[in-house]
Amino acid sequence: MLKPQSIIILILPALWILFRPCSAGAGPYMNSVHGSNTVGVNRSSIAAEGYARGNCAHCHEQHASINGSEPSPSGSFPCAFALFANNFTGGTTGSYIKSDDFCFFCHINVGAVQSEGGITNRQYANTFGGYTTDSATDILGAFNLNSYHNLYDIRRFARTKFSFFKDLSNPCVACHNPHLVKRNKTNPSNPAYAVISRPSDHGNLWGDDTNERMDKYTTYRSPRFYGSNSTYEPGGVTIRDGSLTPDYVTFCLDCHQYQVPTTQSASMNPNTPSGYLTAIDWSSSGDMHGQRTRNFGINGEGSESYTCRGTVIAPYNTSPVASNYVLSCLDCHEPHGSILTTSSRPSTYLLRKEINNHRVDGCGNGEQYFCERDGLCYSCHTNNHAGPQGCFGCHYHGARDVNCGGPRSGPDF
Ligand code: HEC
Ligand code: HEC
Ligand code: HEC
Ligand code: HEC
Ligand code: HEC
Ligand code: HEC
Ligand code: HEC
């Protein structure tokens, strides 16, 4: 394992060569939002020293001092990759504070080192789904919600699977390349402004090319935009075939095709070993929300002899009805964290607060409630069985043969 100091020795010469042309040169970094000369990085402590907006030095420090003193923030330097702060020092679980992760120094509402102050980043369901109530307005806040993508676990897993990912790499960097990211939030209906990179292809953005979108599964249908029965995600468009939505299935499955280790929630799946999450199978032999064909008609046709029945509602039941819809992971999940809840369940599994023009609440009346039935499943279904909660007891990723007082065997999710 390389010590932080030796990494800096390896990297500094590369930085030295790259830093100088970076303020004048073109290339992918200059097209990224961080490299932008209008909205890009601009750390107030060195902007004052004449560094142009977008300069690499707003994140990387070639020298520990500028004009004889160390620019803010100061602390336990030098840091890995010659960054101005430690890349990641968070513990095995949240809650996180600003100094736990390099990115939080700017992606925080209050106390950012960026000259304009804090950066607002809303939840996926708000930016792309149009939901109006914020459960978080910065990235630190999203990771501090009840259910969150545990950064320690992400880093631990990425180290074992992806060769670009170094021992001292940042867990955010497993999903984002800070030298390439664009600004999707101000162009939510245009996936050319991509912010993610597949961990198996860190050197490229994901979703910006037309063959990296959800319409590659020919039966994707976009959920409805909040407050509207005629427009769809992302961002309230009329087109609904997934051609404007990145292929999040391929992205998430770079990691979730495996049983990933977790320090936090227990798996719903009785067949998954403790300390791991269920490997997600979206293929034609996996879940029905994925490429496996559903058992019954859209209005439950064919299920008449079973105890447990239900339907799939709009927009999925509107013409032309597909025989096998394939959903995006982010139709149901948030990427960072989710749901302020008073629920006593062990986890809300990064599930969205708003799904398909429907607020996920119920089992109580208000933003802080979260109910499996009324809130979550009824965003897209009706059903005739089980009480107000307990749907996850039989319907979860990979569920098979979970009976319901009837003879049917087979997949249940
Ligand atoms: C020195 C400040 C700074 C640091 C550190 C920083 N960012 Fe940013 N980031 C910005 C600014 C400024 C923008 C553009 C402003 C905006 O979008 O409001 C931005 C935009 C982004 C965007 C595009 C979405 C958006 O908000 O417009 C992503 C994604 C992003 N940053 C990820 C990261 C990640 C991941 C890290 C850590 C590896 C990181 N940033 C570290 C300043 C920073
Ligand atoms: C928004 C902050 C930010 C800006 C701006 C930025 N970098 Fe980085 N850079 C990082 C982070 C974070 C890492 C560490 C990546 C990791 O955790 O694996 C890094 C890593 C690197 C590395 C190590 C190799 C790699 O890609 O992992 C090099 C070389 C580098 N940066 C060069 C540059 C140059 C040159 C520029 C300007 C053209 C630049 N960086 C601008 C945040 C930034
Ligand atoms: C497991 C993968 C993953 C991890 C880990 C992750 N992100 Fe993200 N992030 C995403 C996805 C997916 C999106 C939404 C993508 C889109 O806009 O297409 C996103 C969106 C963003 C955005 C843009 C939000 C907006 O305003 O639209 C920022 C900024 C960001 N992430 C920063 C971070 C930071 C900082 C970290 C680490 C603390 C982090 N991310 C960790 C997957 C991840
Ligand atoms: C870089 C690898 C990686 C990627 C990419 C990734 N995840 Fe994860 N995910 C993990 C790890 C590791 C855990 C276990 C830590 C934890 O439980 O938070 C996890 C946990 C989860 C959990 C359970 C959270 C809980 O409450 O314990 C959900 C849900 C999830 N991921 C969904 C997604 C979705 C949706 C995407 C795509 C937007 C995605 N993941 C992309 C690595 C990844
Ligand atoms: C129809 C909504 C829906 C979609 C689409 C969806 N999920 Fe989930 N996901 C859930 C629900 C509900 C749970 C909680 C029950 C469970 O654990 O399976 C969950 C839980 C999880 C977990 C924790 C599993 C465990 O061990 O308990 C992971 C990981 C996960 N989802 C990843 C994904 C990924 C990756 C995708 C896309 C390929 C995806 N999800 C698509 C609804 C969805
Ligand atoms: C974003 C919308 C959405 C959400 C949320 C959702 N589903 Fe679905 N579900 C669908 C669609 C669309 C299908 C049809 C898939 C196909 O055509 O293969 C489906 C299929 C199913 C099926 C298989 C139906 C059959 O005919 O065999 C079951 C069972 C199911 N869902 C249960 C649930 C449960 C339980 C929940 C809550 C935990 C849930 N779903 C949440 C959209 C959703
Ligand atoms: C005791 C186990 C059990 C519980 C608890 C349960 N279900 Fe089911 N459910 C089943 C079985 C078995 C089926 C038969 C069809 C299948 O699995 O596709 C079914 C069918 C369905 C369907 C029919 C799908 C279609 O399109 O035909 C929906 C929708 C559904 N359940 C939703 C729910 C919701 C919502 C809850 C919680 C309120 C719930 N279920 C609780 C076992 C259960």
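Per the Cauchy relation, a quarter of the hull surface: what is the mean projected area of the convex hull of the alpha carbons in segment 83-215, in nm²?
Over all viewing directions, segment 83-215 projects a mean Cα-hull area of 8.9 nm².
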What is the Rg over Rh value, at two decimals, for the chain, using alpha-carbon atoms and the Kirkwood definition of Rh? 1.00
What is the log10 of I(q)/I(0) for segment 246-364, computed with the Debye formula using one identical point scatterer on each Cα and no solvent, at q = 0.14, 0.15, 0.17 Å⁻¹? -0.79, -0.90, -1.14
Counting lysine pairs in the chain that sit 8 or more positions apart or on different chains, with Cα atoms under 24 Å apart, gives 10
Provide the per-residue ³J(HN,Hα) series for segment 372-384, in order, calculated from phi with Karplus coefficients 6.51, -1.76, 1.60 and θ = phi - 60°, each as a whole number of Hz, with x at glycine and proline positions. 4, 7, 4, x, 7, 5, 6, 4, 9, 9, 10, 7, 10
Where does the chain land at 222 nm, in deg cm²/dmol rounded to the nearest 500, when only DSSP H runs of n ≥ 4 count, each adding -39500 (n - 2.57), divided by all residues? -3500 deg cm²/dmol
Give me the net charge for the shell around Phe104: Cβ to Cβ below 12 angstrom, other residues only, Lys and Arg +1, Asp and Glu -1. -2
Going fewest to most other Cβ atoms within 10 Å around each Cβ, Asp153, Asp201, Asp247 line up as Asp201, Asp153, Asp247
Take every Cα-Cα distance within segment 255-323, group them into 10 Å bins from 0 onward, and report for each bin the whole-number percent of pairs it holds. 18, 32, 29, 20, 1
Assign one of three labels to segment 114-163, namely rounded, prolate or oblate, based on the Cα gyration tensor with a ≥ b ≥ c the square roots of its eigenvalues; rounded applies when a/c is under 1.5, prolate when it is not and a/b is larger than b/c, and oblate otherwise. prolate
Enumerate the amide H contacts of Tyr220 below 5 Å, restricted to partners 5 or more residues apart or on another chain; note that Pro and chain-start residues carry no placed amide H. Val326
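Bear in mind that the values in this text are calculations on the coordinates, not laboratory data. Quick caveat, the model's predicted, so the values are computed rather than measured. Cβ sites come from the backbone with ideal geometry, for glycine too, and all protein chains shown count toward neighbours.
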